[in-house]
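> Below are the structure tokens for one structure; questions will follow.
Every number in this text was worked out from the coordinates using simple rules, so none of it is lab data. Quick caveat, the model's predicted, so the values are computed rather than measured. No Cβ is skipped: glycine too gets one built from the backbone with ideal geometry, and neighbour counts run over all protein chains shown.
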């Protein structure tokens, strides 16, 4: 069983996500994008003062414990200029980020990483946590048999050139005085979470493509909140969100699960496992579910129907969640 620092408060700023929605009412612990950009100094609401939504995810996690505060960048979204622009509009200085944790080697989570590092490392280097499995070439196989390659993510040398102290290791680890936990490989144990059969990978362009349904390089981040329990951040849940949460339970023993935040990847061919996923989620007695990025509207509807609006609070770009 691993131990984590008990945090008094956790603030999550959504820097990149698939959707925007400042109009819907929010719970008291969620500050919407409109308020956040106005608080950051916007003189009007306009296309240039608001955030851009895009396929991908990037979160800024700020943990508080006693008088100590640590900031972790969780993924970097698909594109650097958009990430930098959203941060500027939200009044968030990336220079305050102390470390970076990347969950897996897909462009919509790493495409903005070099630009983020340029903003972070102006006067210092920061640790950037990755693992060797992230640097395969990836692609997707279409119904007609064509394989469309994904944008190649920046490799360890490129990250180093942009100021990162690259921690390229498969293992689990504590980050920033054990404010945050970065998982190791997630065991695939459920019978129904079998990944996407259309995902492909290869070592390099000269090699043939091979199936990559499980995206085994995927990792999650966890935080332990005082009097609440674990908040688990799963960027894409290629492992299956039930596998992710089961691993968190195994790693942290009797610590209760409080919240899961991130993409649940219940779209396309995986919509067929929505019902089983929702049923298994009930066993964790989660107090908050924050679906993001690749969850999909059908899964979101199923989650709201099963758990209610008091539990399910969708993520939107520019929002700030305080736990």
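> Can you pull the one-decimal nm distance between simple spin-label points at residue 165 and residue 21, each 7 Å off the Cα toward Cβ?
Going from the residue 165 label point to the residue 21 one covers 4.1 nm.
> To the nearest 0.05, how large is the calculated FRET efficiency for residue 55 and residue 123 if R₀ is 30 Å and r is the Cβ-Cβ distance?
0.40
> Taking 1 over the mean of 1/r across every pair of different Cα atoms in the stretch 162-262, what Kirkwood radius in Å do you get?
Over the stretch 162-262, the inverse of the mean reciprocal pair distance is 15.1 Å.
> Same structure again: Label the stretch 19-153 by shape, choosing from rounded, prolate and oblate, from the square roots a ≥ b ≥ c of the eigenvalues of the Cα gyration tensor; if a/c is under 1.5 it is rounded, and otherwise prolate applies when a/b is larger than b/c, oblate when it is not.
Here the stretch 19-153 falls in the oblate category.
> Give me the number: length gained by fully extending residue 142 to residue 287, i.e. 0.36 nm times residue separation minus the C-alpha to C-alpha distance, one decimal in nm.
Fully extending the segment from residue 142 to residue 287 adds 48.4 nm.
> At 222 nm, what helix-only mean residue ellipticity would the chain give, in deg cm²/dmol to the nearest 500, using -39500 (n - 2.57) for each DSSP H run of four or more?
Theoretical 222 nm ellipticity from helices: -5500 deg cm²/dmol.
> Next up: Among 299, 68, 115, which one moves the most in a GNM of the chain with springs linking Cα atoms closer than 10 Å?
68
> OK, next. Cα gyration tensor of the stretch 64-112, axes a ≥ b ≥ c as square roots of the eigenvalues: rounded (a/c below 1.5), prolate (a/b > b/c) or oblate?
The shape class here is oblate.
> Evaluate the distance, in nm, between pseudo-label points positioned 7 Å from the Cα of residue 203 and of residue 157 along their respective Cα→Cβ axes.
1.7
> With springs connecting C-alpha atoms under 10 Å apart, model the chain as a Gaussian network and identify which of 111, 41, 174 has the largest mean-square fluctuation.
Ranking 111, 41, 174 by mean-square fluctuation puts 41 first.
> Rounded if a/c is under 1.5, else prolate if a/b is larger than b/c, else oblate: which is the stretch 242-323, with a ≥ b ≥ c the root eigenvalues of its Cα gyration tensor?
Taking the square roots of the gyration eigenvalues as a ≥ b ≥ c, the stretch 242-323 is oblate.
> Go ahead and set up a Gaussian network model of the chain, Cα springs under 10 Å, then flag whichever of 46, 160, 22 fluctuates most.
Most flexible of the set in this elastic network: 46.
> Oh, and also: Considering Cα pairs under 8 angstrom that are at least six residues apart, work out the relative contact order of the stretch 6-322 and quote it in whole percent.
Computed value for the stretch 6-322: 20 percent relative contact order.
> Over the Cα atoms of the stretch 6-322, what is the Rg over Rh ratio if Rh follows Kirkwood?
Reported Rg/Rh (Cα atoms, Kirkwood Rh): 0.94.
> Of all DSSP beta bridges in the chain, what percent run antiparallel (nearest 5)?
For the chain, the DSSP antiparallel bridge percentage is about 60.
> A further question on this structure: Given just the C-alpha atoms of the stretch 25-101, how large is their convex hull per residue in cubic angstrom?
Normalising the Cα hull of the stretch 25-101 by residue number yields 127 Å³.
> Next up: With each pseudo-label sitting 7 Å past Cα toward Cβ, what's the residue 276-residue 297 distance in nm, one decimal?
Label-label distance for residue 276 and residue 297, simple model: 2.6 nm.
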